[in-house]
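Notes follow once the structure below has been shown.
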Amino acid sequence: MSTSRVILVCQNRTCRRQGSAKVLAALQAYAIANLTVKPTGCLGHCGNGPMVVILPEEIWYSGVQPAEVPILIKKAGG
């Protein structure tokens, strides 16, 4: 049985300046069952962004770049 997962991508000012909008768009381009991608507000790690969190496991990634999205999808079970 597959667990439903959520990927949160910070869209607050600092992360957006560091490219989080492109990371969010790259993640949203994937249509994966049991995997939801959501923009979120500040995750509290300003300056380390773009920040991404995979739930429910609470796996945190910092400095995520769009080219790394396939790796994140695979790790999230996609």
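The values are calculated or read from the model by the stated rules, or taken from the named source; none is laboratory data. Every value quoted in this text rests on a predicted model; they were computed, and no experiment measured them. Here Cβ is always computed from backbone atoms with ideal geometry, including for glycine, and neighbour counts include all displayed protein chains. The protein model used for the area step is the full one, side chains on, heavy atoms only, and it has no ligands, DNA or RNA in it. Shrake-Rupley method; radii C 1.70, N 1.55, O 1.52, S 1.80 Å.
I'd like to check something: does the range 10-28 contain any residue that is in contact with a Lys or Arg (Cβ under 8 Å, 6 or more places away or on another chain) and at pLDDT below 95?
No, there is no match, as no residue in the range 10-28 is in contact with a Lys or Arg (Cβ under 8 Å, 6 or more places away or on another chain) and at pLDDT below 95.
Between Gly77, Gly41, Gly47, Gly19, which is touching a helix residue (DSSP H, G or I) at 6+ places or on another chain (Cβ under 7 Å) and surrounded by fewer than 17 Cβ atoms within 10 Å (Cβ to Cβ)? Walk me through it before giving the result.
On the way: Gly77 fails: touching a helix residue (DSSP H, G or I) at 6+ places or on another chain (Cβ under 7 Å); Gly41 fails: touching a helix residue (DSSP H, G or I) at 6+ places or on another chain (Cβ under 7 Å); Gly19 fails: touching a helix residue (DSSP H, G or I) at 6+ places or on another chain (Cβ under 7 Å).
So the residue among Gly77, Gly41, Gly47, Gly19 that is touching a helix residue (DSSP H, G or I) at 6+ places or on another chain (Cβ under 7 Å) and surrounded by fewer than 17 Cβ atoms within 10 Å (Cβ to Cβ) is Gly47.
Based on what the data block shows, is Pro50 closer than 17 Å to Lys75 by Cβ, touching a Ser or Thr at 6+ places or on another chain (Cβ under 9 Å) and modelled with pLDDT of 95 or more?
Numbers: closer than 17 Å to Lys75 by Cβ: yes; touching a Ser or Thr at 6+ places or on another chain (Cβ under 9 Å): yes; modelled with pLDDT of 95 or more: yes.
Yes, satisfied.
State the number of residues belonging to the range 63-74 that are open to solvent by 50 Å² or more (accessible area, probe 1.4 Å) and either aliphatic (A, V, I, L, M) or farther than 15 Å from Leu27 by Cα (or both).
Adding up the residues that qualify gives 2.
Taking the range 24-78, which residues are under 17 Å from Asn12 (Cα atoms), in contact (Cβ under 8 Å) with a residue 24 or more places away in the chain, assigned to a strand (DSSP E or B) and under 9 Å from the mean Cα position of the chain (by Cα)?
Passing the criteria: Val37, Lys38, Pro39, Val52, Val53.
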